[in-house]
Amino acid sequence: MNTPQHFLHTAEAFLNVQDTLAAGFYAESAFALHGKHDGNNTDDAVFTSINAFAERLPKPLAHYTQLLKQAKLSALETRLNAHAPFSHFLVGAALIADDESLHIGCNVECSSYGLTICAERTALVSAVAHGKKRFLAVAVAADTDELTPPCGACRQLLYDFAPDALVVLVNPRGAEKRFTMKELLPEAFTAAFL
Ligand code: THU
């Protein structure tokens, strides 16, 4: 499902409800993915529709590119602070809140193994402690060639605060893959059921 067209449709849905930040991240994702698949083919129909859409955003696509770049770099950098003496599997995460602030986390393992907390949840609880309650993008960094996705527990907690988020997986060698939060947790349980 992570095609330029899918991301552009998602961006359109967010712009229709005046969520320009979410629209920006998804339009940027359409642009980034299209560039990757088609080389630098600048005069095709998909590129034209992404550009036409970008004109309706309050800020240029480069603004969202920059925010995502910061999040990816922060996730990679924070990963190096992970406390993982048992698994040696280091993970970093960075969330972008609705005021564009960045909130980082890494996994912290415990001698009582079950008390370990993942990078995504560390980032989320820190962000909430800083007064943030809604997130539009999250970058997750691990050193695997097949990019590491958030575990099931993290998907559920992220969904509560970031159901609209763009999820970007990265590794230190520059690979990246993008998903919508809804793709990662379809038919999600939410507070609406309570
Ligand atoms: N881990 C994360 O931090 N995030 C994930 O989404 C997957 C797993 C951590 C938890 C544990 O410290 C280590 O990776 C191995 O499971």
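The values are calculated or read from the model by the stated rules, or taken from the named source; none is laboratory data. Note that this is a predicted model, so its numbers are computed, not measured. Cβ: placed from backbone, ideal geometry, glycine included. Neighbour counts: every protein chain shown. In case anyone asks, the SASA skips ligands and DNA or RNA and just uses the protein heavy atoms, side chains included. Shrake-Rupley method; radii C 1.70, N 1.55, O 1.52, S 1.80 Å.
The set of residues in region 15-25 being open to solvent by less than 30 Å² (accessible area, probe 1.4 Å) and outside any loop (DSSP other than H, G, I, E, B) consists of LEU15, LEU21, ALA22, ALA23, GLY24, PHE25.
Selection of region 79-96 for residues being in contact with a helix residue (DSSP H, G or I) (Cβ under 8 Å, 6 or more places away or on another chain) and within 11 Å of the ligand (Cβ to nearest atom) yields ARG79, ALA82, PHE86, LEU90, VAL91, GLY92, ALA93.
Okay, residues lined up against (1) more than 14 Å from the ligand (Cβ to nearest atom); (2) in a helix (DSSP H, G or I); (3) on the phi > 0 side of the Ramachandran plot; (4) over 14 Å from the mean Cα position of the chain (by Cα):
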position: ALA141; (1), (2), (3), (4): no, no, no, no
position: PRO150; (1), (2), (3), (4): no, no, no, no
position: ARG155; (1), (2), (3), (4): no, yes, no, no
position: ASP160; (1), (2), (3), (4): yes, yes, no, yes
position: LEU169; (1), (2), (3), (4): no, no, no, no
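Restricting region 75-102 to residues that are in a helix (DSSP H, G or I) and open to solvent by less than 20 Å² (accessible area, probe 1.4 Å), the residue that is nearest to ASP19 (Cα to Cα) is ALA75. For region 171-194, residues that are in contact with a strand residue (DSSP E or B) (Cβ under 9 Å, 6 or more places away or on another chain) and more than 16 Å from CYS118 (Cβ to Cβ) total 9. Residues in region 103-119 that are more than 8 Å from the ligand (Cβ to nearest atom), assigned to a strand (DSSP E or B) and open to solvent by 40 Å² or more (accessible area, probe 1.4 Å): ILE104 alone.
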